[in-house]
Amino acid sequence: MKKVFYLGMVCLILLSVLACTSVKVTTVPLLYTNNESSKFTILGEVLYESKDRAGYIGLLKAARDLYPECDYVIDIMAEQRITTRTMVFLWWHSQFTDITWVMRGTAIKYIR
């Protein structure tokens with residue numbers, strides 16, 4: 001009887017925790033085809049810089065912040081900027097490396 005009680009309590013606690021959990025969903029296009037049937041308008045260029053490793057999701061969020069009607073980002077170029085600083089003091093020297101990820105692309109809106 002104790003096992004059933006404990007199992008019921010665990011289920012009740014899990015149910016209450018899961019009921020209070022929220023999930024934020026970001027819609028990401030899975031496919032881009034450049035054919036004659038997909039008409040779109042160009043909204044403008046988007047630039048996204050990050051100290052963390054940059055990805056398409058961050059670029060798309062930056063594009064939607066700049067252009068709220070943005071559906072997709074095309075013509076993406078990614079680069080990594082590495083800045084190295086060296087400090088020298090008498091016999092001691094230290095080297096610091098700073099990495100910045102930069103992505104740029106063209107924000108578009110499909111004509112429906």
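The values are calculated or read from the model by the stated rules, or taken from the named source; none is laboratory data. This structure is a prediction, so every number in the text was calculated from the model and none was measured. Here Cβ is always computed from backbone atoms with ideal geometry, including for glycine, and neighbour counts include all displayed protein chains.
Side notes on the structure shown:
- Restricting attention to region 62-75, the residues that are surrounded by fewer than 16 Cβ atoms within 10 Å (Cβ to Cβ) and modelled with pLDDT of 90 or more total 4.
- Of the residues contained in region 77-93, none is found to be touching a Gly at 6+ places or on another chain (Cβ under 8 Å), closer than 20 Å to Ile42 by Cβ, surrounded by 13 or more Cβ atoms within 10 Å (Cβ to Cβ) and not polar (S, T, N, Q).
- Residues that are closer than 16 Å to Val102 by Cβ and modelled with pLDDT of 90 or more, drawn from region 41-56: Glu45, Val46, Leu47, Tyr48, Glu49
- Some residue of region 23-38 being modelled with pLDDT of 55 or more and surrounded by 11 or more Cβ atoms within 10 Å (Cβ to Cβ): yes
- Residue pairs whose Cβ atoms lie under 6 Å apart, sitting 6 or more positions apart in sequence or on different chains, and linking a residue in region 42-70 that is free of Cβ contacts under 8 Å to residues at least 60 places away in the same chain to a partner that is assigned to a helix (DSSP H, G or I) and of a type in the set (A, V, I, L, M, F, W, C), are Tyr48/Leu59; Tyr48/Ala62; Cys70/Ala63.
- Among the criteria (1) exposed (fewer than 12 other Cβ atoms within 10 Å of the Cβ); (2) at pLDDT 85 or above, the one Met103 does not fulfil is (1).
- Tally, over region 80-93, of residues that are more than 25 Å from Ser50 (Cβ to Cβ) and part of a strand (DSSP E or B): 5
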